[in-house]
Structures are given as C-alpha cells and as structure tokens.
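Chemist: Before anything else, here's the structure in question.
The values are calculated or read from the model by the stated rules, or taken from the named source; none is laboratory data. In this text, all values refer to a predicted model and were calculated from it rather than measured experimentally. In this analysis, Cβ positions are derived from the backbone assuming ideal geometry, glycine residues included, and neighbour counts consider all displayed protein chains. In case anyone asks, the SASA skips ligands and DNA or RNA and just uses the protein heavy atoms, side chains included. Shrake-Rupley method; radii C 1.70, N 1.55, O 1.52, S 1.80 Å.
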Amino acid sequence: MHLTTVAGPAGRLNLTDTGGVSGEEPQAVPVLLVHGMAYDIGVWDETIARMRANLGQNQRILAIDLRGHGASDPPADGDYSPDSCAADIIAVLDALNIPQVALVGHSFGALVVLATAASAPTRVTRVILADPPGDFNYLPPGMYEEQMVPFLAALAGDGYRAAAEEKFAQALEGGTAATRETTIARLASTPRDRLIGMYKGMFAYSAVGAIDRYLATPGARIAAVLAPANSWPFSLHILRPEIATAVVPETSHWLQLDAPVPFTEAVVAQLSSH
C-alpha cells in the first residue's frame, strides 16, 4: 500500500492505493473508499486490511483524502459541496486510468459517492453507502427552519465549538468510548470553514435525485450498511426502498470504528453480491 497524489480541479489530492499483486490480473474492479467529516484516509486502515483478507491481496483498494482533509489541498473558493468533491473523484479515476470502480462512502462521503455515480454512472459498478445522511429536502415541514438554520448560524458564530460537539455527540450515541474520544479529537482539529462547507453542502444536496439518476443506468447497484439509529423518515433507504440494507448492531454513526469486523463483512458481502 502506498501514498500518491493526483492533481484535482481545486488542488492536490492525496490517496492511498494498495495496487495489486505484480504480474497478476486484478480480480475485480477497484474499490475506492471515501471518508466523512473530520476524518481522512486513516479512518479506513482496518477496513482496508480486513477487505484484502476477505477479497484477496490482488483486490485493488484506494482511499482518498477529500479536499481540505488529510494531505489534500483545501479549495481556494471554499467549495466542499458533494458535486465538487465528486469532480475530485473523477479526476483521480482519470489520472490513474481506472475505467470503472466500486465506491464506498461514509457519512458525507456517501453523498460524494452518490454525486460521482450520478455524474458518471457507467464508470461506477456499484455504490455502498456507509451510514449515509438522509435527504434534507425531505425533512418534515418546518424542521429545516427550526433546527438546521439555527445550527448553521451557531456554526458561524461564537458558539461554533459547542454546536459542533453537540451534533457529533448525538451521532456518537451507541458507539464505543474509543470512537467517541477519537472523533471528538478529530472534530477539534477540523477547521471551521471545512465543517460549515460540508454541512451546507449536505443540507442542500438532493441525494434522492442522485440515486434516481444512477439507478436509471442498467446494472447500477446501491446498498447501505447502517447504524441502528439510521431510521428517519428522510433516510435514503426509506425514501428509496430498493436500496439493499444491512444493519451493524451496537454502533454509532462511525460504525467502521465501533465494529470493524461486522462492518467489513457487510461491505464485502455487498461487493460480492450479484
């Protein structure tokens, strides 16, 4: 496994790439992992090791630092929308001459992989959403104005840190103490503009529209690996029941950290399904 960089639309993009066994044909299309808010490619370390143990050492697996995260450059225009991040993914595929890929995205990264699949459906063989956010365009009437607008205002004001930690604490319920400690520390080191940009992009994004555009392509497949709390009326698998689902018990939103073995087993099962 090695680190490499690719020139993206908004700057340098950092990624890790396992490659394959030299001299052998790859066993399947490569898999690209996309992290969520406050994290970077390191969140996938154990997942990658376990995926290779299950799928074989010749399975090529990549993970990208989203723009402004890890060693990837922040965009000069501050654009962290799912569509802009998807353009980064396409740049990576083009630079590495990868014609088709399976995408796994966690949290905000799930929206990025949906945006990628919707923009280039013939290049994405399947999408796996790891505890994705819902589609906030489907919130009950008045909920956006009552909850999301004040939250975004708090992020932009003096109460930034407290508002962010409260939101993350809610998502950490059901998980391990280690995951909570690591995630809160990661949040504390995340620049405010990146968090605000991602939240704004998440709240505005039409995830259901992206799902519909991708699934209109013959052979397109979407599955979701979920934490138990992901069962809101605006959850993607509820809005689109054709999405195959698996629930990992006793996990928070960061289910790959709370329960790496069952999480990876669920991802591998979806990658291997026909």
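Chemist: Counting only protein heavy atoms and using a 1.4 Å probe, what share of the accessible area of region 115-216 belongs to carbon plus sulfur, as a whole percent?
Modeler: About 55 percent, which is the carbon plus sulfur part of the accessible surface.
Chemist: Mean 1/r over all different Cα pairs, inverted: what Kirkwood radius does region 116-188 give, in Å?
Modeler: So the Kirkwood estimate lands at 15.1 Å.
Chemist: Something else: Could you give the length gained on full extension between Ala216 and Asp193, defined as 0.36 nm per residue of separation minus the Cα-Cα distance, in nm?
Modeler: That works out to 4.8 nm of additional length.
Chemist: Also, quick follow-up: Subtract the Cα-Cα distance of Thr4 and Ala28 from 0.36 nm times their separation in residues, and report this length gain in nm to one decimal.
Modeler: 6.5 nm
Chemist: Compute the relative contact order of the chain as a whole-number percentage, counting only Cα pairs closer than 8 Å that sit 6 or more residues apart in sequence.
Modeler: It comes to 20 percent, rounded to a whole number.
Chemist: So what's region 1-118 giving for Rg/Rh, alpha carbon basis, Kirkwood Rh from the mean inverse pair distance?
Modeler: My calculation puts Rg/Rh at 0.95.
Chemist: What is the P(r) of region 181-233, as percent of Cα-Cα pairs per 10 Å bin from 0?
Modeler: 17, 30, 38, 14, 1
Chemist: When the Cα atoms of region 87-232 are enclosed in a convex hull and the volume is divided per residue, what value in Å³ results?
Modeler: 126
Chemist: May I ask for the angle, rounded to the nearest 10°, between helix 108-119 and the longest principal axis of the chain, with both axes built from Cα atoms and the value confined to 0 to 90°?
Modeler: 60
Chemist: Between Ala49 and Tyr160, what length comes free when the chain is fully extended (0.36 nm per residue of separation minus the Cα-Cα distance, one decimal in nm)?
Modeler: 36.4 nm
Chemist: Across every pair of different alpha-carbon atoms, what Kirkwood hydrodynamic radius in Å does the chain reach?
Modeler: Taking the inverse mean of 1/r over all distinct Cα pairs, the chain comes out at 18.7 Å.
Chemist: Let me have the 222 nm mean residue ellipticity of the chain computed from DSSP H runs of 4+ only, each contributing -39500 (n - 2.57), with the sum over all residues rounded to the nearest 500.
Modeler: Computed mean residue ellipticity for the chain: -12000 deg cm²/dmol.
Chemist: Could I ask something else about it? Using a 1.4 angstrom probe, figure out how much accessible area the chain has per residue, in square angstrom, rounded to the nearest whole.
Modeler: Per-residue value: 41 Å².
Chemist: A further question follows. Would region 60-139 count as rounded, prolate or oblate if I go by the C-alpha gyration tensor, calling it rounded below 1.5 in a/c and otherwise prolate when a/b exceeds b/c, oblate otherwise?
Modeler: oblate
Chemist: About its Cα centre, what dipole magnitude does region 123-191 give when the only charges are +1 on Lys and Arg Cβ and -1 on Asp and Glu Cβ, stated in debye to the nearest 20?
Modeler: 420
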